[in-house]
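Note sheet for the following structure.
The values are calculated or read from the model by the stated rules, or taken from the named source; none is laboratory data. Note that this is a predicted model, so its numbers are computed, not measured. Note: ideal-geometry Cβ built from the backbone for every residue, glycine included; neighbour counts use all protein chains shown.
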Amino acid sequence: MTENHLELVQLINKRLEERNYGSEPKELYDPIRYIMSLGGKRMRPLLVLLAYKLFKDDPETVVDQALAVEVFHNFTLVHDDIMDNAPLRRGKATVHEKWDANTAILSGDVMMVKAYDMLLDAPSNLKQIVRDFNACAAGVCEGQQLDMNFETLATVDESAYINMIRLKTAVLLGFSLKLGAMLAQSSKEDAELLYDFGVSIGIGFQLKDDLLDVYGDQTKFGKQVGGDIISNKKTFLLLKALELANEDQRKQLDYWLGLETFDAVAKVEVVRAIYDAIGIEALTKAKMNEYFDHGFSDLEQLGIEEEKRTSLKRFAEYLIDREH
Ligand code: IPE
Ligand code: IPE
Ligand code: MG
Ligand code: MG
Ligand code: MG
């Protein structure tokens, strides 16, 4: 990230720290304070503010709306961790591990409501913003359901996978950028171009997340490495491996994917070794770069100064190289 990005992230974090989500019963609100205090990249509110700054100079006036997107994102993480049976988030215990699943469900629900509250004071375009937010939120749920449906399928094709990650992950990045544009009352064309840019880099971003889930350093990544392999997630890595495996590799994959109970460490080791033998990491990186490049060409069409375009480009490059 550049200096300018870090300054905006500081602004976001400062306003998040000042935020009061509610107090009683504390079993409902403590998990919200907990998950929101664990950090994270804060990239979605940053995208809101970066998009806003393309058109206007007073981002501090729309921080609440940017935070709405971060609270919504954290709500999806709390519920996603239940669905994925994930023990770790941002290097700490997940909410359902630290408390229990019911607590995580209900705290998540109220976070969704708080996110709406924070959107309500939007200085302009409120009706359109809520309509777009709703479309995005329904899309995320659709993507999450597909992600779970795919766990029990033998394999899925690439286009089905891309559609699933577009929904579960990319539309929220697109919405974040479009929200910034709408708050700044940009032209409709620019708002749509920013949305398309966000969706393209969002798909690249999820491909990178899938890669880190297999090849990341757990202390940096902050999530359980190997989690996707353990739960038979149809990631790009797995579907390419299923497509390209030789007979022996295919047998081993089918064996481990079919086991109901297994040694998690052994499963991750075997599947990763097959990925290594096939060269899955390079194939995934190439696919990721394809989507980021697509995003960069969306960006070229925006009618903005070169310096501002560069700021968004730098941020996307940071996402390509990230380790967490
Ligand atoms: C995690 O999002 C969920 C995905 C869509 C992969 P982030 O990687 O943005 O998580 P934080 O907010 O930085 O922790
Ligand atoms: C995340 O997909 C999508 C949403 C949270 C909506 P993942 O399940 O891959 O995200 P992580 O890896 O747990 O952050
Ligand atoms: Mg998930
Ligand atoms: Mg998950
Ligand atoms: Mg993941």
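Annotations
Yes/no per residue for (1) touching a Cys at 6+ places or on another chain (Cβ under 7 Å); (2) at positive phi; (3) polar (S, T, N, Q); (4) without any contact (Cβ under 8 Å) to a residue 60 or more places away in the chain:
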site: Ile278; (1), (2), (3), (4): no, no, no, yes
site: Thr284; (1), (2), (3), (4): no, no, yes, no
site: Met288; (1), (2), (3), (4): no, no, no, no
site: Tyr291; (1), (2), (3), (4): no, no, no, no
site: His294; (1), (2), (3), (4): no, no, no, no
site: Leu302; (1), (2), (3), (4): no, no, no, no
site: Glu306; (1), (2), (3), (4): no, no, no, yes
site: Ala316; (1), (2), (3), (4): no, no, no, no
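- Pairs are defined by a Cβ separation below 8 Å, a sequence spacing of at least 6 or placement on different chains, a first member in the stretch 71-90 that is free of Cβ contacts under 8 Å to residues at least 60 places away in the same chain and within 11 Å of ligand 1 (Cβ to nearest atom), and a second member that is among the polar types (S, T, N, Q) and not in a helix (DSSP H, G or I); the pairs so defined are Asp81/Thr94.
- Test: Gly258 is surrounded by 22 or more Cβ atoms within 10 Å (Cβ to Cβ), of a type outside the set (Phe, Trp, Tyr) and away from ligand 4 (no atom under 15 Å from the Cβ): no
- Only one entry of Leu237, Leu257 meets the criterion of being within 27 Å of Pro87 (Cα to Cα) and within 16 Å of ligand 1 (Cβ to nearest atom), and that entry is Leu237.
- Here the condition is being in the same structural domain as Ala115 (by TED's automatic domain parsing), exposed (fewer than 14 other Cβ atoms within 10 Å of the Cβ) and at positive phi; of Gly91, Gly40, Gly22, it holds for Gly22 alone.
- Test result for Val110, of a type in the set (Val, Ile, Thr), in contact with a Leu (Cβ under 9 Å, 6 or more places away or on another chain) and not assigned by TED's automatic domain parsing to the domain that holds Leu28: no
- Asp81 meets the conditions (1) acidic (Asp, Glu); (2) over 27 Å from Leu212 (Cα atoms); (3) assigned to a helix (DSSP H, G or I) in every case but one. The failed one is (2).
- In the stretch 97-117, the residues that are within 20 Å of the chain's Cα centre (by Cα) and within 22 Å of Lys41 (Cβ to Cβ): Ala104, Ser107, Gly108, Met111, Met112, Lys114, Ala115
- Residue among Leu38, Leu77 that alone is within 16 Å of ligand 2 (Cβ to nearest atom) and out of contact with any helix residue (DSSP H, G or I) (no Cβ under 8 Å at 6 or more places or on another chain): Leu38
- Out of Ile165, Ile129, Ile105, sole residue that is within 11 Å of ligand 1 (Cβ to nearest atom) and among the β-branched types (Val, Ile, Thr): Ile165
- Residue check for Glu260: in a loop (DSSP other than H, G, I, E, B) and at pLDDT 95 or above: yes
- Some residue of the stretch 145-162 being assigned by TED's automatic domain parsing to the domain that holds Leu253, in a helix (DSSP H, G or I), closer than 15 Å to His73 by Cα and touching a residue at least 12 places away in the same chain (Cβ under 8 Å): no
- Selection status of Leu299, within 22 Å of Gly216 (Cα to Cα), aliphatic (A, V, I, L, M) and in the same structural domain as Tyr215 (by TED's automatic domain parsing): no
- Single residue of the stretch 126-147 satisfying the filter (of a type in the set (A, V, I, L, M) and loosely packed, with under 13 Cβ neighbours inside 10 Å) that is nearest to ligand 5 (Cβ to nearest atom): Ala138
- Just one residue in the set Lys220, Lys234, Lys208, Lys240 is away from ligand 3 (no atom under 16 Å from the Cβ), under 18 Å from Ala282 (Cα atoms) and in contact (Cβ under 8 Å) with a residue 24 or more places away in the chain; that residue is Lys240.
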